[in-house]
Each structure stands twice: as structure tokens, then as C-alpha cells.
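Some notes on the structure that comes next.
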Amino acid sequence: MRKLFSNPLVLIGFIIIASILLLAIIAPLIAPYDPDAIDVKAILLSPNSQHLMGTDGLGRDVFSRMLYGARISLMVGFVAVGIATAIGIVLGAIAGFYRGWVDTLIMRIVDVMLSIPTFFLILAVIAFLTPSIWNIMIVIGLTSWMGVTRLVRAEFLSLRNREFVLAAQALGAKDGRLIFTHLLPNSLTPIIVSSILGIASAVLVESGLSFLGLGVQAPQASWGNILTDGKEYIQFAWWLSLFPGLAILITVLGYNLLGDGLREAYNPRSSQH
Amino acid sequence: MLIKARIRMMYRYINLGSIKLAFIALLTPLIIAACGDSSSSNQTNNKIDYTKNYPASNSGTLIDAMTGEPSGLIAMIAGESAASAIASNIFNSLLKYDKNLELTGELVESWDVSNDQKTITFHLKPNLKWADNQPLTSNDVLFTWQKVTDEKTRTPYGSDFKLVTKAEAPDANTFRVTYAAPYAPALDTWAGLHILPKHLLKDQDINTTAFARNPVGSHYYKLEKWKNGQFLKLTRNENASQGQAKINKLLSRIIPDKAAQFLELSADNIDSMGLNPIQYARIFPARPDLNKNIALYKELGNSYTYLGFNLKRKPFDDVRVRQAINYAINKQEIIDGVLLGLGEPVASPYKPGTRWSNPELKPYPYDPNKAKALLKTAGYEDHDGDGVLDKDGKPFTFEILTNQNKEREMTGVLIQRRLNEIGIKANIRVLEWASFLGRFIKPKEFDVVVLGWSLSLDPDQYSIWHSSQQAPGQFNFISYSNPRVDKLLEEGRLELNPDKRMKIYHEFSKILLEDSPIVYLSAGYGLTAIHKRVRGISNPAPPAGIGHNTYEWYIPSAYARNEMSDH
């Protein structure tokens, strides 16, 4: 653990993610206003002592909306990546463990999925569903499991013929035991790293969808739709674009630093000392 | 070693995706902001003093911006505002509205209505010519009528003209139509029909003809060049039936995004555009450099925004529920918050202040207590204490549907909030226009919509409110049905005396307000910015709006801009 944080980038990434998580969790305690409270007498106020990040086109407090928006963005990241990782582990494990035609079939499905640009696939699917935060999470999850599948399969293929696995098998271990107690725990590191990096891209996809009006629906706040609202007023209400834009930037950066650092830390080649 | 290589591959894959998205999500505002800055490079042009007086002259090009490109320039086929905006500079109608919204002749000198009110005889002006020098005669008018009523012509405007039982052209300057029964909106319909040239179209399929992209008309301008996705350029028609317009050329640039149009206006690349309330009320006051060169015009539009109930669905078939929701919505808040004060409350489906609008009617005041009381009599109370009203164990919840339009979305949010306060849970769903109409409005798959109506000048609203107009795709998609209203609408079409007609429509509006099949939200102002180099604009605007005399507008030659070469 100490080795992990000796890398300043990991530390920074960790601090960023931890503080955003904390802010999102305690949002109801620290938000100065109800995020949906409309005040038509206080439309588009610039940042001031009452409204730290100003107000939007309906007089809602941007700071409060940002805090509640953080919950949405983070939740989308975790749930979507959770779904993707779960699918990825199952399919990757089956393909890597059993090989043969199952492997071929699963990997061709992966190839087909990868050949479709994910964002446009998501757009097309969302167009047929009611846009809501749950649908967004499910759709992002269902369209981004391919990387994890490939990764788990590759790990399994390389671990499958190692001595400890062969030994366990020789001792009579069943397939389930081999997969869950021998292969999977030894493949966890790359899965965790890819998940953390996956969260970053899920946060961006959610923001992108909300920006296009297909993500989280009004009046619920998300960073993406605060940014969309800001687009209309960008010539004179910079605070509506800057704060959500920065929040997305910092969050994605945090996840990337953390994921990158973890990868370095658990890399067998860098663990020589 | 192997593991590292694989992780790398995976890592790069994920990251490539996120980098592209990062550009979409984060850099767009910066790019827009950067474009905004470039406008200041053109500030040198602003040194010209646009306040000097010059006599009217025949010169200059007026450049305006439109959000959509016309699909063609035969208005009856295109049926869209982008097409009619351009086509109305190219084609004439028999009649037109003058600046006080009285009907007057355009292609006709005069017209007579027979004593039984069923026959109208139009007398065309002598020696009318098309832009290609062919004579324009009553045969062209007859031909246009045949086309608009032809079953093969794909036009939404046919039904009005199909009421004509006999149309004839006894001589070159006379056109006569006969209706089975007196039809009060008749003259209005003839003021909206562009007369097309028979000699160019008689052997063509009007739905697909190349004439739609290369029209020949009789009005002030003719099409000079149409560059797809970029602009339409009109130049003066020497044979114009109404005399010569003062401005040489009209250039309509196609710029889909309002914010981009505004940047072009700031950079002095366009002369005129329609503004949204934010641009009008917030950006302009903060930009003295723009105010110096650009004049703003504000006029009440002939349209209104409303919240409409699907009367076929429960509980909206109950008038008490509809009235309760009407009381629960704060209309002034919507006008102040969404339109930034640039709107008027409405209580009838007519433009406030016009003859047809009943001055005795007042909008439902904002009164949440009355709303709750009405809901209680309708059986809605919070029996289970969860904060949402319920009846027979079912909570009162529905979906507010609207199209992708910032103002309508904000309106929805305000309404949702107010309904929430009295215990109605409403969700908002925003849809793109085509699927909004095709998947929800036409098949009537909605609970409640926020939408707008643009109105014609004639008070006849048979197609919107008459119970016979409920088929899929017809305008009465809220399924309103009231025998008294049906009867009044039928009478209104037969009555030609303006005062009696007015009484009919006042009565109709009164019933409509009591019935509350829709909640009137507001009538917004049309907001226009026009560069001060353009002169001759009536201000304040007469009832017909500032656009009524565009042919009298002029650009002094001292102010005319240099022609751009690729236009």
C-alpha cells in the first residue's frame, strides 16, 4: 500500500476520487439549496457569496446542482462498469477456460461488438428507450464489456497451463474451483485497473449523452446537462460551462491517474526492488 | 512481460475512446468561446456611423439567416416555414393582408362576392407578367387551383380549396369560384395560395418537378442562385407585379444554430436574424458595441404555447382535474422565467388585442388551494400519506411530453415543480421533433404535451377543435369533443358578417376556457435584430408586423457592403 502511494500521481488520483466521492455522499448535508428549487427572481446570477457557483437559467443554485450531479456521474460510472465487468468476467472466463468453439464464438461476438462505434450504438439504443438514469447505466454497461472479456480471457489462457493450476487439476479440483479459487484471483489486478479506467470513460459517456439531451432528464441534475444548459448562455454566463466542464475533467483525470498508477504498481516488472 | 503488453493494449483502447469523448464534452465550450473572440477582429468595420440620413436608393444586399433549408420553393408542396419564407418573395397570391391586416388585392384589382355569398369573382390586374416575360392570366390561377385540389398533389392545404364546387376562367383577367355553402375563411385561403405558372408546370409532376428548385414567379424577387446547405440568393424581378423593391438582392444564409447566427450577426456577416429571449434581454443590453449598429424589434407573435391534455386518457376526461391543473400552474412565472418577461398571458386561442380575442376572458389565476379543493371533489386525496395524491389506490402521476426546445423544456420544469407542490407527480420527457410527432402526437400516445400553435389570421379553428378532426395526423390530437363548440365552429365558417362572426368566436373562446382542454401558458414576442444600415422599417410595428413592407426597406449605397465573391 505504501509503495502504491509513493507514486505521487496515484496519490493525487486517489485524493481527487476520494474527495469527489465524499462530496457526493454528503451532498444533502453541505448543499446550500435544494438543487431543484426554482427562483425566477434570481436567474443567471454570477458566482457570489450566496451562490458559490452562480445560478442557472431558472435561478437554481449551480453549486447544489453540481453536488447532486456528482452523485449521478459517480453512480453511473460504478454501476455501468459493474455491469460491464460482470459480463466481461463471465464471458472471458468461459472463453479462456474452455477454449475451443465456445472461445471462438465469444470472441467473434466481441469482434462484432467492437466493430460498432460504442457511442453511436448507445445513441441508437437510447433512442428506443425512455431516457432515464437507470437505462443509461444499463446501456453503457451492456455496450462496454468487450475489453474486460478480452482481458480476462487472455489472463485465463496464460494462467491455464501454469504449474499451480495443473497441480490443482491433477488433485481433482472441479472446473468451478479452478476458476474461482485459482484463476480468477490471479487475474484480478488487470480487471481492477481496467475497471477504474472504464469508470472514467463511463462518466464521459454519461456526460456526453446528457449533453445531447439523451441522458439524465430534467429536472434531475447531472454534470452533462448542466453543461448543456450552459451552452445557451456561454457568451455571458461562463460559470454554467466552466464548473461542470472542470468537474468532468478532474474526475476523469483522477480515475486515469489512479488506474495508471495501479497498473504500474502491480506490474511484475516494476516490483523488482 | 506478457501481462504488461496485454494491459497496455487494453489501456490504449479504453483511453482512445475517452480522449475523443473528452473533446466532445469539454472542448466544445472552449471552441465556441474561441469563435466568439474572433468577432472582435471585425470591430474596425464598426467605425462607420450608421446614424446618418440618406435618401432611399435602389442598392444593396440584405443578408439574413435561417435555421433550416427549404425542401423546395413550391410552398403548397413543401408545407414548411423555411420554404414559405423564401417563396413569399417569389410568388404572389390573389389577395394579401395590408399593414392593418385588412384584405386587399395583390394580383387582383378587385373582387365581388355574390348576393348569396357563395360565388367570388376575382378581377386580375391587366398586363401581369411572369419573370420569364410570359403573360400571367386567370388560366394560371385556375391551373393552381386544379393542382392544389388534385388528389395526386401531396399538400396539406387541399381541403380548404376542395370546398370550391366550381372554378372557371371566363376571360384572361377574370377568375370565378363557387362554393356549395357560404365559406367565411374563403378570402383568407386565397390570400395564402401562391399562384404558379401553367406554362412551365402543365406537363410536370408537381410533387417532384425541378421547378421547385428553379422557380419562376411574379413577385419582387427571383431566384438567382441556390447553393445547397449554404445560401439562397434572390435578385430583383424586373417584371414584378407590385412595382420594384428597393433592395437589390436578398441573401438567406442557412445557419442551423442560433448561437452561431448570433456570432455572425455580431461579426457583421448577416444583417438580420430572429433572437431568442436570452439574446434579446440579456446579451444585447450587455453589449453596447452591438447596440450601436443593430436595432431590435419586438412584436407579439400570432402564436401561443399551451399544455394540452389527452382527453381520451383518465383522469384528464374530468373537467375538474383539468381546471385544477390550470389553477396550479403559475403562468406569470413561466413568462418571467422562461421568456424573461417577453410574453403575454392568454385566455383564448387568439392573439391578445385582436378582434377575435374575447377581452372579457381572464386566464386562470395561480391558486394552489383551489386546485387542491377541485382535486378533492374529483376524488384525489393523499390517502396513504406519501405526498402524492391518489384515487382508488393509484397515485396521480403522468408524463409531460415536449420537443427539444430549451424554452419548452424549462416550461416543463416549472410546471412539474408547481404540480409537485399540490401532490401531482409529473415526469418530463423531451423528444426530437420528428419522433415526437410521428411516435407520440399522431398516434395520440401521450398524457400531457407542452406545444405551441401558430395561427392564421382568419379565426376559423375548425381543424384544431372540431370533433370530426381527430383522425391520426389531424390537428385535434387531444381529442376534444364538445357539441356546442362543434356547432359554433360550423356557424363561424358560414357567417360572413364580421361582427356576428366575432360574437361566435368570443362565445367559442369562453366555452373553451371553462372546459380547459388545454392550459394556455403564454404568447411570446417575436424578437428581431436588424442592422441599422437597413432603413425604411416601420417602428413601432403595425398590426401586420415589421415585415409587412420589406419592399420599401432600403440600404443606402454608402452603407452597402462589398459583395462576397462566392455568393
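Worth a mention:
- Under Karplus coefficients 6.51, -1.76 and 1.60, residue-wise ³J(HN,Hα) of the stretch A:99-114 in Hz, glycine/proline x: 6, x, 5, 4, 4, 4, 4, 4, 5, 5, 4, 4, 4, 4, 4, 6
- Based on DSSP H segments of at least four residues, each scored -39500 (n - 2.57), the protein assembly as shown has a per-residue ellipticity at 222 nm of -13000 deg cm²/dmol.
- Calculated on alpha-carbon atoms, Rg and Dmax of chain B in Å: 26.9, 100
- Once the 1.4 Å probe is applied to the protein heavy atoms, the stretch B:156-267 comes out at 41 Å² accessible per residue.
- Peptide A:250-256 has a mean shielding of 2, counted as Cβ atoms of other protein chains within 10 Å of each residue's Cβ.
- Area buried, chain A against chain B - accessible surface, total, 1.4 angstrom probe, square angstrom: 4300
- With only the Cα atoms considered, the stretch A:55-194 has a convex hull volume of 130 Å³ per residue.
- With a Förster radius of 22 Å applied to the C-beta separation of B:K500 and B:S463, the computed FRET efficiency comes to 0.55.
- With Cα atoms defining each centre, the stretch B:286-339 and the stretch A:28-83 are spaced 25 Å apart in the structure.
- Other residues whose C-beta falls under 11 angstrom from the C-beta of A:L214 contribute a net charge of -2, scoring Lys and Arg +1 and Asp and Glu -1.
- Per residue, the accessible area of the stretch A:180-249 comes to 29 Å² when a 1.4 Å probe rolls over the protein heavy atoms.
- Per residue of B:405-416, other chain Cβ atoms within 10 Å of the residue Cβ number 3 on average.
- Note on B:D386/B:R484: beta-carbon distance plugged into 1/(1 + (r/R0)^6) with R0 of 51 Å gives a FRET efficiency of 0.80.
- With 22 Å as the limit, the listed pairs B:K222/B:K351; B:K298/B:K406; B:K312/B:K394 have B:K222/B:K351 beyond it between alpha carbons.
- Excluding same-chain neighbours fewer than eight residues apart, the aspartates and glutamates reachable from B:K129 by a Cα-Cα span under 13 Å are B:D140, B:E238.
- Computed label-point distance, nm, for sites A:V125 and B:T397 using a 7 Å Cα→Cβ extension: 2.4
- Long pairs among B:K249/B:K532; A:K41/B:K372; B:K96/B:K227; B:K147/B:K198; B:K125/B:K198; B:K198/B:K225, criterion Cα-Cα beyond 20 Å: A:K41/B:K372; B:K96/B:K227; B:K198/B:K225
- Fraction of C-alpha pairs exceeding 50 angstrom in the protein assembly as shown: 32 percent, rounded to a whole number.
- Surface accessible to a 1.4 Å probe, B:H219 within the full protein complex, Å²: 20
- In percent, rounded to a whole number, the relative contact order of the stretch B:440-483 is 38, using alpha-carbon pairs under 8 Å and six or more apart.
- Hz values of 3J(HN,Hα) by residue in the stretch B:269-280 - Karplus curve (6.51, -1.76, 1.60), Gly and Pro given as x: 9, 10, 9, 8, 7, x, 9, 9, x, 5, 4, 6
- The stretch B:356-404: proportion of alpha-carbon pairs further apart than 19 angstrom, %: 49
- Full-stretch length increase - A:A173, A:A18 - with 0.36 nm per residue and alpha-carbon distance subtracted: 51.8 nm
- Once the gyration tensor of the Cα atoms in the stretch B:70-114 is diagonalised, the equivalent ellipsoid follows with semi-axes of 25, 12, 9 Å, ordered largest first.
- Oblate is the label for the stretch B:213-317, because a/c, from the alpha-carbon gyration tensor with a ≥ b ≥ c as root eigenvalues, is 1.5 or above and a/b does not exceed b/c.
- For chain B, size of Cβ-based charge dipole, Lys and Arg +1, Asp and Glu -1, in debye: 1480
- Over the C-alpha atoms of the stretch A:125-273, the Rg to Rh ratio, Rh being the Kirkwood estimate, stands at 1.15.
- Per-residue extension of 0.36 nm, minus the Cα-Cα distance of B:D150 and B:K52, leaves a gain of 29.9 nm for this segment.
- Accessible-area composition of the protein assembly as shown, carbon plus sulfur, in percent [1.4 Å probe]: 57
- Each residue, B:T119 and A:F180, gets one label point 7 Å from its Cα in the Cβ direction; the gap between the two is 9.5 nm.
- Net length available on complete extension from B:K202 to B:Q244 is 12.3 nm, with 0.36 nm assigned per residue and the Cα-Cα distance removed.
- For the stretch B:391-433, radius of gyration divided by Kirkwood radius, i.e. Rg to Rh on alpha-carbons: 1.06
- Size descriptors for the stretch B:467-567: radius of gyration and Dmax over Cα atoms are 22.3, 63 Å.
- Coarse-grained scattering of the stretch B:273-339 at q = 0.19, 0.21 Å⁻¹, given as base-10 log I(q)/I(0) from a Debye sum over alpha-carbon atoms: -0.87, -0.96
- The largest accessible area among B:K147, B:K298, B:K487 belongs to the first residue in B:K487, B:K298, B:K147, and the rest follow in falling order (1.4 Å probe, all chains).
- Where the alpha-carbon atoms of chain A are placed on the principal axes, they occupy 76, 48, 29 Å, in descending order.
- Applying a DSSP loop filter and a limit of 11 other Cβ atoms within 10 Å to the GluC sites (Glu not before Pro) in the stretch B:103-208 leaves B:E151.
- Volume of the convex hull of the stretch A:51-100 (Cα atoms only), normalised per residue: 77 Å³.
- Evaluating 6.51 cos²θ - 1.76 cosθ + 1.60 at θ = phi - 60° for every residue in the stretch A:242-251, the Karplus couplings come out as 5, 5, x, x, 5, 4, 5, 4, 5, 4 Hz, glycine and proline recorded as x.
- Over the stretch B:340-437, accessible surface divided per residue gives 47 Å², non-protein components excluded, 1.4 Å probe.
- Förster radius 35 Å - calculated FRET efficiency between A:L142 and A:F236, Cβ distance, rounded to 0.05: 0.30
The values are calculated or read from the model by the stated rules, or taken from the named source; none is laboratory data. A quick note: this is a predicted structure, and the numbers were derived from the prediction, not measured. In this analysis, Cβ positions are derived from the backbone assuming ideal geometry, glycine residues included, and neighbour counts consider all displayed protein chains. The protein model used for the area step is the full one, side chains on, heavy atoms only, and it has no ligands, DNA or RNA in it. Shrake-Rupley method; radii C 1.70, N 1.55, O 1.52, S 1.80 Å.
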